[in-house]
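See below for the structure under consideration.
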Amino acid sequence: MRNLTHRKWAKASKLSLVAVAAIAATPILSAELQDLHLNFQPRTEDEKARIADVIAAPTDFDAAQRFEDLPAGAATVRARQDADAFSQPSGNLKFEQELDFKVGNGLFKKIWVSSPSSTLASDGLGPLYNARSCQRCHIKDGRGHTPNGPDDGAVSMFLRVSIPGGGAIDEIADYIATQPEPNYGGQMQDLALAGHPAEYRLDITYEDLPVALSDGETVILRSPTYTAADLGYGPLHPEAMLSPRVAPQMIGLGLLEAIPVQDLLAQADADDADGDGISGRPNIVWSTEYGEPMMGRFGHKAGMPTIMEQSAAAFAGDIGISSPLYPAGYGECTELQVDCVGAPHGDNDDRVFEIDQLGMDLVAFYSRNLGVPARRDIGDPQVLRGKQVFFDTGCASCHTPSYVTHRMDDRPEHSFQLIWPYTDLLLHDMGDGLADNRPEARATGREWRTPPLWGVGLTEQVSGHTQFLHDGRAQSLLEAVLWHGGEAQTARDTVVSMPKPDRDALIRFLESL
């Protein structure tokens with residue numbers, strides 16, 4: 001098991017040297033996936049060799065690797081002991097950039113109001129929405145949560161919705177055509193302005209699933225069932241596909257955006273050519289911002305290629321705020337929601353958009369530069385043992401530990417940084433247990449993007465809970481591991497059967513990230 005895992009890791013660790021060969025057989029990847037959003041300098045052969053050496057798989061687990069304590073390189077920030085641990089600016093921001101960060105933070109926290117309003121810079125909410133600000137979903141820049149009982153709203157959680165069909169995108173191979181649900185669009189909003197019915201109420205029920213572990217330990221998983229209750233605009237289409245989503249944490253996004261696409265593609269193995277059972281694939285999406293196919297990096301199914309596009313889509317879908325990329329003042333309302341489309345909007349004056357390009361630039365800058373806290377206890381013997389278990393079990397086959405970002409003159413805070421996000425940003429089949437049965441671009445109903453693990457051990461400190469996975473069903477890191485299936489089934493079964501001290505060490509390692 002160990003040799004197979006390390007062979008897979010060795011392939012990824014040499015990514016800069018083999019990237020061209022790895023993608024040559026798939027023209028859609030080599031010809032059309034480019035880092036259009038970045039102005040970068042090509043790497044020299046010397047740099048490629050140095051990078052391959054610095055990100056090579058560890059061979060010694062008796063001590064921490066060099067620079068492992070700085071997961072975001074020079075952008076790493078001090079690990080605070082309070083709930084603001086995810087809300088610090090990148091550690092290498094220049095003094096003059098901190099003003100942009102703070103103004104972007106203000107826009108991220110801004111409470112939007114309905115139109116017409118005397119506060120012209122803040123009106124345009126809805127009419128249908130999921131939250132009144134970005135911060136209401138990404139609480140303290142951390143993870144959202146499931147409703148705490150029937151009397152709690154789902155302000156940081158919602159349902160995506162679509163139906164089969166619609167136009168294919170010829171430029172993207174294996175694209176799965178879907179279209180918005182006719183009455184409800186692509187996302188369901190559970191809040192509305194006065195005079196407008198909300199689209200639905202999210203109802204969740206759980207079934208307990210006991211899992212027996214080695215050494216007599218038992219863990220109870222909660223298996224959710226989701227219902228769109230109290231529908232405000234008629235029945236859902238009979239082929240409607242619903243997918244629950246909890247807001248993810250915000251740290252380190254600019255660094256993820258700066259990883260060379262070739263380095264990510266070098267890890268893709270759609271046909272499992274090396275026989276290790278792992279067959280990650282890039283999601284390829286149509287970029288509204290650049291008008292070309294790009295690799296998806298953000299969102300639970302990697303449905304968005306850039307921070308700017310992700311942010312603009314969230315303003316439109318979550319808050320109902322128009323921007324240059326999503327200019328409809330009524331947000332995500334459908335043509336059949338006539339009152340919503342015809343209601344007053346915040347762009348009915350000389351602003352044109354409810355948030356203009358300058359505002360979007362500031363929000364994107366803030367989102368790119370939320371600092372990743374430094375690692376804790378990296379030299380602790382149990383943490384080091386857990387790290388070895390992590391590699392030996394095969395976790396690093398998808399949760400790729402480290403990269404070096406592009407060299408960029410216009411983004412020095414993200415330029416040429418050795419980072420440790422523990423993700424390949426690829427799609428993986430996670431089995432029936434986690435399947436939402438709703439495709440997104442090339443992602444099937446069983447595939448999910450590998451989430452970054454940096455900062456995962458600070459979730460309770462920042463967000464006040466320990467809920468994980470795309471829908472928050474896992475109430476601990478161990479539960480999250482036990483939900484893994486599909487390509488991760490072997491690794492999951494290994495965790496189930498390993499001695500309890502090794503399992504505890506694995507969780508201790510994850511908590512140190």
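Just one of the numbered conditions (1) assigned to a loop (DSSP other than H, G, I, E, B); (2) within 26 Å of G379 (Cα to Cα) is not true of K94: (2). Is the stretch 347-362 home to any residue that is in contact with an Asp or Glu (Cβ under 8 Å, 6 or more places away or on another chain), more than 19 Å from S122 (Cβ to Cβ) and not polar (S, T, N, Q)? No: the stretch 347-362 contains no residue that is in contact with an Asp or Glu (Cβ under 8 Å, 6 or more places away or on another chain), more than 19 Å from S122 (Cβ to Cβ) and not polar (S, T, N, Q). Please identify the pairs in which a residue from the stretch 210-225 that is at negative phi and assigned to a helix (DSSP H, G or I) has its Cβ atom under 9 Å from the Cβ atom of a residue that is open to solvent by less than 20 Å² (accessible area, probe 1.4 Å) and not aliphatic (A, V, I, L, M), counting only partners at least 6 apart or on another chain. Note: pairs meeting the criteria are S214/R503.
Taken over the stretch 207-216, residues that are out of contact with any Leu (no Cβ under 8 Å at 6 or more places or on another chain) and surrounded by 13 or more Cβ atoms within 10 Å (Cβ to Cβ) amount to 2. Take L255 and decide whether it is of a type outside the set (G, A, S), in contact with a helix residue (DSSP H, G or I) (Cβ under 9 Å, 6 or more places away or on another chain) and assigned to a helix (DSSP H, G or I). Criteria met by L255. On the basis of being acidic (D, E), touching a residue at least 40 places away in the same chain (Cβ under 8 Å), in contact with a Gly (Cβ under 9 Å, 6 or more places away or on another chain) and open to solvent by 10 Å² or more (accessible area, probe 1.4 Å), does D424 make the cut? Considered against the rule, which asks whether it is acidic (D, E), touching a residue at least 40 places away in the same chain (Cβ under 8 Å), in contact with a Gly (Cβ under 9 Å, 6 or more places away or on another chain) and open to solvent by 10 Å² or more (accessible area, probe 1.4 Å), D424 comes out as no.
Scan the stretch 97-119 for residues that are open to solvent by 50 Å² or more (accessible area, probe 1.4 Å), of a type outside the set (A, V, I, L, M), in a loop (DSSP other than H, G, I, E, B) and modelled with pLDDT of 95 or more and the total you get is 0. Of all residues in the stretch 185-200, none are among the polar types (S, T, N, Q), open to solvent by 30 Å² or more (accessible area, probe 1.4 Å) and in contact (Cβ under 8 Å) with a residue 60 or more places away in the chain. Among the numbered conditions (1) more than 26 Å from G144 (Cβ to Cβ); (2) in contact (Cβ under 8 Å) with a residue 40 or more places away in the chain; (3) of a type outside the set (A, V, I, L, M, F, W, C), the only one that G252 does not meet is (1). Give me a count of the residues in the stretch 121-168 that are β-branched (V, I, T), in a helix (DSSP H, G or I) and free of Cβ contacts under 8 Å to residues at least 40 places away in the same chain. Adding up the residues that qualify gives 0. Considering the conditions (1) open to solvent by 30 Å² or more (accessible area, probe 1.4 Å); (2) out of contact with any His (no Cβ under 6 Å at 6 or more places or on another chain); (3) at negative phi, F509 is excluded by exactly one of them, (1). Of the helices (runs of 4 or more DSSP H) lying entirely inside the stretch 263-371, those containing at least 1 residues that are of a type in the set (S, T, N, Q) and open to solvent by 10 Å² or more (accessible area, probe 1.4 Å) are 307-314, 357-368. Across the stretch 373-415, what is the number of residues that are out of contact with any strand residue (DSSP E or B) (no Cβ under 7 Å at 6 or more places or on another chain) and either at positive phi or of a type in the set (V, I, T) (or both)? Of the residues in the stretch 373-415, 7 are out of contact with any strand residue (DSSP E or B) (no Cβ under 7 Å at 6 or more places or on another chain) and either at positive phi or of a type in the set (V, I, T) (or both).
The values are calculated or read from the model by the stated rules, or taken from the named source; none is laboratory data. Because the structure is predicted, anything quoted here is derived from the model rather than measured. Methodologically, a virtual Cβ is constructed for each residue, glycine included, from the backbone with ideal geometry; neighbour enumeration extends over all protein chains shown. Accessible surface is based on the protein model in full, side chains and every heavy atom, while ligands, DNA and RNA are left aside. Shrake-Rupley method; radii C 1.70, N 1.55, O 1.52, S 1.80 Å.
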